[in-house]
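A.B. asks: If you scroll down you'll find the structure; I have some questions about it.
Derivation of every value follows stated rules applied to the coordinates shown; laboratory data play no part. Keep in mind that this is a model prediction, so the values were computed, not measured. With ideal geometry, Cβ positions are generated from the backbone for all residues, glycine too; neighbour counts draw on all protein chains shown.
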Amino acid sequence: MGAPVRVLFLCTGNSARSQMAEALLRWLSGGRADVHSAGTHPRPHVHPMAVTTLARQYHLSAETLFPKSLDRYLDEPFDYIITVCDQAAEACPVFPGAATRLHWSLPDPAAAGGTFDDQQRTFDRTAKDIENRLQAWLTEPTVAARLDVEQ
């Protein structure tokens, strides 16, 4: 088997959607993907509701997750760049190599209103949406073949 597939999830704040996508792809790929996330304007911390969602719904630790600047990855080659918010898609620079760019427009769960429970449910729904998109993407023949996952 060759080098692992390198994937970068981009968002504005790198505190919720892209962090959940990073953790979920690492889990769904069984660690066979080299997964990273970054933001165009990273926040200081991963959103606590994203951490709660990962722990409660997926039993995943967010211990190693932290917001990172897009600048950190500008000179690194990736196979896939996946933007998860419209602002990041517009601001996404050109990366070296032949990266395939995908855009998954996901509403920002951190912008949800309502009660604490309403807001947490929004994070939970966003994670489920990301999981569904990742599962579909992982079954695409070119991706599945690179990651050696069941189709």
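A.B. asks: Inspect all residues belonging to the range 27-41 and state whether any of them is surrounded by 14 or more Cβ atoms within 10 Å (Cβ to Cβ), of a type in the set (A, V, I, L, M, F, W, C), touching a residue at least 60 places away in the same chain (Cβ under 8 Å) and more than 23 Å from His103 (Cβ to Cβ). Full working, then the answer.
C.D. replies: To start, the set of residues in the range 27-41 that are surrounded by 14 or more Cβ atoms within 10 Å (Cβ to Cβ) comprises 27-29, 32-41.
Next cut, of a type in the set (A, V, I, L, M, F, W, C) only: 27-28, 33, 35, 38.
Next cut, touching a residue at least 60 places away in the same chain (Cβ under 8 Å) only: 28, 33.
If we keep only those that are more than 23 Å from His103 (Cβ to Cβ) as well, we get none.
No; the residues of the range 27-41 include none that is surrounded by 14 or more Cβ atoms within 10 Å (Cβ to Cβ), of a type in the set (A, V, I, L, M, F, W, C), touching a residue at least 60 places away in the same chain (Cβ under 8 Å) and more than 23 Å from His103 (Cβ to Cβ).
A.B. asks: Condition first: outside any loop (DSSP other than H, G, I, E, B) and touching a Phe, Trp or Tyr at 6+ places or on another chain (Cβ under 7 Å). Now tell me which residues in the range 25-49 satisfy that.
C.D. replies: Trp27, His36, Ser37, Ala38, Met49
A.B. asks: Given the conditions (1) of a type in the set (Val, Ile, Thr); (2) in a helix (DSSP H, G or I); (3) under 28 Å from Arg146 (Cα atoms), and given that Thr52 satisfies all but one, which numbered condition is not satisfied?
C.D. replies: With (1) of a type in the set (Val, Ile, Thr); (2) in a helix (DSSP H, G or I); (3) under 28 Å from Arg146 (Cα atoms) applied to Thr52, the lone miss is (3).
A.B. asks: Output the residues belonging to the range 29-64 that are among the aliphatic types (A, V, I, L, M) and more than 16 Å from Arg6 (Cβ to Cβ).
C.D. replies: Val46, Met49, Ala50, Val51, Leu54, Ala55, Leu60, Ala62
A.B. asks: Since Asn14 meets every condition but one in (1) more than 25 Å from Gln87 (Cα to Cα); (2) outside any helix (DSSP H, G or I); (3) not acidic (Asp, Glu), which condition does it not meet?
C.D. replies: (1)
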